[in-house]
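Trainee: First the structure, then my questions, so here it is.
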Amino acid sequence: MDKINSLRGMPDFYSDDLISWTPVENKLEEVFRAFSIGEIRTPILEYTDLFKRSVGDTSDIVNKEIYSFDDRNDQSISLRPEGTAGVIRSVIEKKLDQQQSKFWYMGPMFRYERPQKGRYRQFHQAGVEFLGYQEGQADFELIALVCSIINGLDIKNAKLKINHLGDKDSKIQFARSLVTFLEPYKDQMDDKDIERLSKNPLRILDSKDKKVQEILENAPSLTDFISESANSLLASIQKTFADQCTIEIDNKLVRGLDYYTGLVFEACSSDLGAQDAFIGGGRYDNLAKALGGKDMPAIGLAVGLERLISISSVLRCDEKKVIFISSTSNITPLAFKIANKLRNANSNISLDMDLTDSSIKAKLRRANKTNATHAFIFGDEEMNNKSIIVKSLRDDNEQVSMSIDECIDFFKEI
Ligand code: HAM
């Protein structure tokens with residue numbers, strides 16, 4: 001029979017991989033709680049229209065990368081490529097779009113991208129959305145959160161790029177002048193950039209083509225179109241957090257989702273290679289209205305967990321572990337009862353019950369190869385006199401026979 005493989009770009013994770021995930025996820029949750037942000041969980045599947053109207057049907061994400069299919073009712077539904085759209089859909093539905101709220105979420109996202117290091121088709125994000133807050137204080141608070149993530153997770157060589165896209169009008173005016181400037185250079189552009197020029201001109205600023213980047217050096221700058229107050233917001237953010245994070249104002253940063261309006265940002269690390277952004281975010285004041293809700297200014301971010309975990313030096317949580325070995329000459333239900341008494345006495349220790357049919361000797365040999373500190377041996381003799389042998393699996397190899405109560409006390413102290 002042919003074996004069935006996983007889908008490309010959709011990795012499995014085993015305990016050895018996840019051992020570096022848990023401390024990072026815990027630390028992120030700790031930071032979110034320190035900022036008094038509440039959790040939200042939304043479905044992984046949403047109607048496709050939600051993403052068309054939010055992320056935008058001119059964006060690469062919706063155009064080329066979305067996993068969409070018709071359900072049994074012939075409704076087009078999609079795996080979420082990001083978390084913001086679902087959160088806004090939810091708060092509109094619950095009529096929370098008339099108040100201020102702060103949410104965080106964590107979970108899998110799906111994009112049909114070309115898989116490579118740091119880029120997957122199923123990946124994980126931790127996101128934060130501040131809803132109902134005008135430009136100003138919330139922007140500072142969110143950048144403070146970015147700094148706390150970078151410092152709390154001990155990320156080295158990180159740089160935060162910030163930019164301001166202005167309001168709807170300034171964005172349109174700037175796009176127009178960019179198109180006028182770039183039209184004469186069209187024959188020097190590849191198909192992708194020509195398509196961007198007609199569909200979503202601001203995305204050309206993101207072009208990886210060196211020739212286009214050179215042409216853009218003399219192009220009109222976004223700074224000339226946005227207000228004095230927008231420019232001073234950028235300068236003030238840069239100054240305020242200068243001692244916490246390297247911040248660079250980058251007028252070419254436009255981001256790949258259509259819903260952004262004011263401040264946008266991306267945190268990158270040179271330790272990541274080609275896919276170097278591990279946080280992306282910005283303000284999206286028009287999204288709630290575009291999704292049928294009230295006017296609700298908002299700003300948010302998402303952290304790419306695979307990328308963050310690969311560069312975080314937060315300690316791996318080394319769990320304390322012991323092995324419980326019982327006699328196999330006759331299966332002793334009592335062994336399971338005692339093992340559970342131990343587990344109840346100290347839930348910080350992982351007690352691994354050896355369930356194989358091998359001899360106590362073979363079980364001990366295996367235990368010695370693990371990272372367990374002790375073996376608890378419950379053989380025929382111990383069953384008869386209601387005792388347990390506790391054997392150290394570290395250098396000294398010391399072993400002591402204890403009564404069950406003594407053993408429980410010992411277990412509490414490991
Ligand atoms: P985004 O920039 O598309 O923003 O994604 C945020 C982060 O997710 C990226 O910086 C990256 O670390 C990670 N990421 C994106 N695609 C992949 C992939 N294929 N494989 C691995 N990691 C990936 C958003 O998604 C917005 N919803 C952020 C936001 C929230 N803006 C406002 N609120």
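The values are calculated or read from the model by the stated rules, or taken from the named source; none is laboratory data. What you see is a predicted model, and the numbers here were worked out from it, not measured in a lab. Neighbour counts run over all protein chains shown; Cβ positions are idealised from the backbone, glycine included. The accessibility values were calculated without ligands, DNA or RNA, using every heavy atom of the protein model including side chains. Shrake-Rupley method; radii C 1.70, N 1.55, O 1.52, S 1.80 Å.
Trainee: List every residue whose amide H lies under 5 Å from the amide H of H124, counting only residues 5 or more places away in sequence or on a different chain, with H placed 1.01 Å from N in the peptide plane.
Mentor: Amide H to amide H, under 5 Å and 5 or more residues apart or across chains, H124 pairs with M109, L305, E306.
Trainee: Here is a further query. Which of the listed residues, A335, S350, S392, is farthest toward the dipole's positive end in the range 323-403, when Lys, Arg count +1 and Asp, Glu count -1 at the beta-carbon?
Mentor: Highest projection toward the positive end goes to S350.
Trainee: Ignoring ligands, DNA and RNA, what percent of the accessible area of the range 31-83 is carbon or sulfur (1.4 Å)?
Mentor: On the way: 1310 of 2930 Å².
Of the solvent-accessible surface of the range 31-83, carbon and sulfur hold 45 percent.
Trainee: Grab the Cα-Cα distance for S358 and A144, subtract it from 0.36 nm times how many residues apart they are, and report the gain in nm with one decimal.
Mentor: This chain segment gains 71.4 nm when fully extended.
Trainee: What whole number of Å gives the distance from the Cα centroid of the range 54-132 to the Cα centroid of the range 231-294?
Mentor: With the range 231-294 and the range 54-132 each reduced to a Cα centre, they are spaced 18 Å.
Trainee: Okay, moving on. What residues have an amide H closer than 5 Å to that of I279, excluding those fewer than 5 places away on the same chain, when H is modeled at 1.01 Å from N in the peptide plane?
Mentor: Long-range HN contacts for I279: A267, G304.
Trainee: A further question follows. Could you pull out which residues in the range 333-370 have an amide N less than 17 Å from a spot 7 Å beyond the Cα of N26, following the Cα-Cβ vector?
Mentor: 346-351
Trainee: Moving to a separate point now. Could you please tell me the mean projected area of the C-alpha convex hull for the range 61-200, averaged over all directions and given in square nanometres to one decimal?
Mentor: Numbers: hull surface 51.1 nm².
Computed as one quarter of the Cα hull surface, the answer is 12.8 nm².
Trainee: Report the extension gain between D169 and N384 in nm, rounded to one decimal, defined as 0.36 nm multiplied by the number of residues separating them, less their alpha carbon distance.
Mentor: Length gained, D169 through N384: 68.9 nm.
Trainee: Using modelled backbone amide H atoms (1.01 Å from N, in-plane), which distant-in-sequence or interchain residues come within less than 5 Å of E46's amide H?
Mentor: Amide H neighbours of E46, under 5 Å, 5+ apart: S78, R80.
Trainee: When the Karplus curve 6.51 cos²θ - 1.76 cosθ + 1.60 is applied with θ = phi - 60°, which whole-Hz ³J(HN,Hα) does each residue of the range 3-11 get, with x for Gly and Pro?
Mentor: Couplings: 8, 9, 9, 6, 6, 4, x, 10, x Hz.
Trainee: Test of understanding: in a Gaussian network model of the chain with alpha carbons linked when under 10 Å, which of I77, I349, I226 would top the mean-square fluctuation ranking?
Mentor: I349
Trainee: Past the 29 angstrom mark, what percentage of all C-alpha to C-alpha distances in the chain do you count?
Mentor: Cα-Cα pairs of the chain separated by over 29 Å account for 56 percent.
Trainee: Continuing with the same structure: Using a simple spin-label model with points 7 Å from Cα along the Cα→Cβ vector, what separation in nm is obtained for K320 and K208?
Mentor: 4.9
Trainee: Counting pairs of alpha carbon atoms under 8 Å apart in space and at least six apart in sequence, what relative contact order in percent does the range 153-296 give?
Mentor: That works out to 36 percent.
Trainee: Okay, next question. Efficiency by 1/(1 + (r/R0)^6): what FRET value for N63 and D190, r their Cβ-Cβ distance, R0 = 22 Å, to the nearest 0.05?
Mentor: It comes out at approximately 0.85.
Trainee: Same structure, new question: Given springs between every Cα pair under 10 Å in a Gaussian network model of the chain, which of L334, L291, L96 has the largest fluctuation?
Mentor: Sorting by GNM fluctuation, first place goes to L334.
Trainee: If each of K369 and K94 carries a label point 7 Å out from its Cα toward its Cβ, how far apart are those two points in nm?
Mentor: Taking the two extended label points, one gets 5.0 nm.
Trainee: In nm, to one decimal, how far is the modelled label at A235 from the one at D295, with both set 7 Å along Cα→Cβ?
Mentor: 2.9
Trainee: Of the residues K64, K361, K199, which exhibits the maximal mean-square fluctuation in a Gaussian network model of the chain defined by a 10 Å Cα contact cut-off?
Mentor: Fluctuation is largest for K361.
Trainee: A further question follows. Quote to one decimal, in nm, the extra length available between D154 and E39 on full extension: 0.36 nm per residue of separation minus the C-alpha distance between them. Walk me through the numbers on the way to the answer.
Mentor: Details: separation 115, 0.36 × 115 = 41.40 nm, distance 2.37 nm.
Between D154 and E39, full extension yields an extra 39.0 nm.
Trainee: Can you work out the accessible area per residue across the chain, with the rest of the protein chains kept in place, probe 1.4 Å, in square angstrom?
Mentor: 52
Trainee: If I take every Cα pair under 8 Å that is 6 or more residues apart in the chain, average their sequence separation and divide by the length, what percent do I get for the relative contact order?
Mentor: 16
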